Amino acid sequence: MTDIDPITLAVLAGRMEQIADEMDATLFRAAFNPIIAEAHDASHGLYHAASGDTLVQGKSGLPIFVGVMSFAVKAVINKVAEAGDLADGDIFIFNDAHLGGTHLSDMRLVRPYFRDGQLFCYLASVGHWHDVGGAVPGNYNPAATDAFAEAFVLPPVRLARKGEINQDIIDILMRNTRLPQSAQGDLNGQLGALDLGVRRMDELLDEYGADTVRAALDALGGRAEQLMRAELTDLPDGRWEATDYLDNDGITDAPLPIKVALEIRGDRMVLDFEGTAPRCAGPVNIAYPTAVATAYVAIKHIFPALPANAGVMRPIDVKIPEGSLLSAEFPAPVGGYTETILRMIDVIFSAMAQAAPDRVVANAYGTINALSIAGKRKNGQPWVMFSFYGGGHGGTPEGDGLNHGNAPISTATIPPMEILEAAYPVMFRQWALRPDSAGAGAHRGGLGATYEIEVLEDNGAEAFLFGERGRFAPQGVAGGGASAMNVFSYEQADGWHHPPMASKMRGIKLAQGQAVRLETPGGGGYGAPGTRDPAAVARDVALGFLSPEKATETYGPAWQEIAQ
């Protein structure tokens, strides 16, 4: 193996990260749908030629894809092993979530990268397509009981062979979406990102040589493992447990426990999810690759200085019980995976808070609130406004939580109101911070938000919501309090109504002028509320973040003297 000096290693690490970042940027600028173009629900990376392990990932894409895309690449490696052929210019495409993780809306493209006739690594692109068929526009079907009710399922197939695109595959894809123009634009953007990745890798290897770059990739994985072991060694040995709950699965109105036992011994960690609810009928199941990737995301939050590659996970054993909703097999529905992985992160944080409270933050708002409003325009053309919405982040050891942030599984952004109003026949009556929604603490949680969206199209529309935290509030840590829960309302001729299952519902008919309203949770608090600075309480009251009544009830009357 070629030895590599630290300076060259640092330069090559930066160059390869830049390649992945540039692939991200290429897709974000080329994509047609706002979930990719504005919200950045996509990712790109470089993956090991033999194992599929993540080597490098872009910093602008979703962290959850770091882990799951390695499973996507492995699925392609397995298919190639069965078929026995792989050529320069081949491109594989699929959305099968049980093989590649996450859910069926995420379309994955995997391309082998060859150097001097030999496979060097894989490049991969994943992006959330706006619609891929299924029973409801936008694919977050809260009533799905199998994958077929969620979306069109595509196993790994060759989209291109030796550089020649198979138009038949594209024709099948475009026939299975309500929005073929959007899907075609997103596909072209992903293909363009892969082309750019190949060109940039050619330039890199021309400059440094294949042996040197390969040595750098091996060294980066080894150093990530060493750093992780050193971090674990600094923590106390022990075993800590935490349990939280999903509201329900959208089919049966019963809570579903997510449980973890976190154990540290020397330079190793075990995350054991024994005791988690069994596979359920509704779409809050997740596939095994998604569960493992979620553990990685939580670890990256706890140890933020570590690099984004598979070496980080070598000292960590993630135990996912068979038959649980964390290891669902095809064709179990997995469309609401976001809600379940957010709860996984919450329980990992809550367990780690018992071992090292200075390492974690309190629970964030804990739901993406996947809301779709769809209908037909006067000319008969369908429209689908699918988006996700923000809430408060948890209080931290250093300060208050972020108001109105995006979910901690993501570096994505919430699509701007102006973009949504320009693209769809809707009007936001309200887009504001939600007072009294933050969890109390020495450092309070961030505030949630209130969104009220009116339908303008005189043909009416139909809405669905796939959310969580309607019955179990985000928790504080280190003595901090819980935040407000999620509240969803929809307007009908006789007034406002709430879903029977609190956070999930489909088939909501909306006439012109009627609206839906989301009141999202805040973040949990950090530290005992009684130790909060009265001046900070007075400031929150002055800004309208906290009502005077709630301030006195939670923190006592000391703030009133400062306010006067």
Practice problem: Return the FRET efficiency for the residue pair residue 88, residue 254: r is the Cβ-Cβ distance, R0 is 56 Å, and the value is rounded to the nearest 0.05. | Solution: 0.60
Quiz item: Helices from the chain with mean Kyte-Doolittle at least 0.0 and a Cα length along the axis of 27 Å or more, per DSSP H: which?
Solution: 6-30, 64-83, 337-355
Quiz item: Remind me, relative contact order of the range 229-303 in percent, using alpha carbon pairs under 8 angstrom and six or more residues apart?
Solution: 27
Quiz item: Taking a point 7 angstrom from the Cα of residue 270 along the C-beta vector, which residues in the range 237-256 have backbone N less than 19 Å away?
Solution: 237-243
Quiz item: For the range 197-338, what is the relative contact order in percent, using Cα pairs closer than 8 Å and at least 6 residues apart in sequence?
Solution: 26
Quiz item: Between residue 430 and residue 543, 0.36 nm times their residue separation minus their Cα-Cα distance comes to what?
Solution: 38.9 nm
Quiz item: What order do you get for 48, 98, 497 when you list them from fewest to most C-beta neighbours inside 10 Å?
Solution: 497, 48, 98
Quiz item: For the modelled label position 7 Å from the Cα of residue 165 along Cα-to-Cβ, which residues of the range 60-98 have backbone nitrogen atoms closer than 17 Å?
Solution: 89-94
Practice problem: Using only Cα atoms, locate the centre of the range 526-561 and the centre of the range 50-67, then give the distance between them in Å, rounded to an integer. | Solution: 42
Self-check item: Distance in nm between pseudo-label sites at residue 531 and residue 553 (7 Å out along the Cβ direction from Cα)
Solution: 2.5
Quiz prompt | Extension reserve of the residue 50-residue 376 stretch, reckoned as 0.36 nm per residue once the Cα distance is removed | solution = 112.6 nm
Exercise. Run the numbers on the chain and let me know its relative contact order in percent, using alpha-carbon pairs under 8 Å that are six or more apart.
Key: 13
Quiz prompt | Burial order of peptide ranges 214-226, 134-146, 514-526 (average beta-carbon count within 10 Å, highest first) | solution = 514-526, 134-146, 214-226
Quiz item: To the nearest 0.05, how large is the calculated FRET efficiency for residue 243 and residue 78 if R₀ is 41 Å and r is the Cβ-Cβ distance?
Solution: 0.70
Quiz item: Taking the Cβ-Cβ separation of residue 230 and residue 456 as r and a Förster radius of 45 Å, what is the calculated FRET efficiency to the nearest 0.05?
Solution: 0.20
Self-check item: Ranked packing of 50-59, 363-372, most packed first, by mean Cβ within 10 Å
Solution: 363-372, 50-59
Practice problem: Starting from the amide H of residue 328, placed 1.01 Å from N in the peptide plane, find each other amide H under 5 Å away whose residue is 5 or more places distant or on another chain. | Solution: 286, 287, 288
Self-check item: CD proxy at 222 nm, helix term only [per DSSP H run n ≥ 4: -39500 (n - 2.57); per residue of the chain; nearest 500]
Solution: -10500 deg cm²/dmol
Quiz prompt | Long pairs among 259/300; 79/259; 74/319; 74/300; 79/162, criterion Cα-Cα beyond 27 Å | solution = 79/259
Exercise. Within 10 Å of each residue's Cβ, count the other Cβ atoms and sort 74, 300 from fewest upward.
Key: 300, 74
Quiz item: Taking neighbour counts of Cβ atoms within 10 Å as a proxy for exposure, in what order, fewest first, do 352, 174 appear?
Solution: 174, 352
Quiz item: Taking the structure as given and computing Rg and Dmax of the Cα atoms in Å, which label from (1) 23.6, 78; (2) 24.6, 100; (3) 25.2, 78 fits?
Solution: (1)
Self-check item: Cα-projected label distance for residue 358 with residue 512, points at 7 Å along beta-carbon direction, nm
Solution: 6.2
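Read the figures in this text as sums done on the coordinates, not as results from a lab. The structure displayed is predicted, hence computed values, not measured ones. Cβ atoms come from the backbone with ideal geometry, glycine included; neighbour counts cover every protein chain shown.
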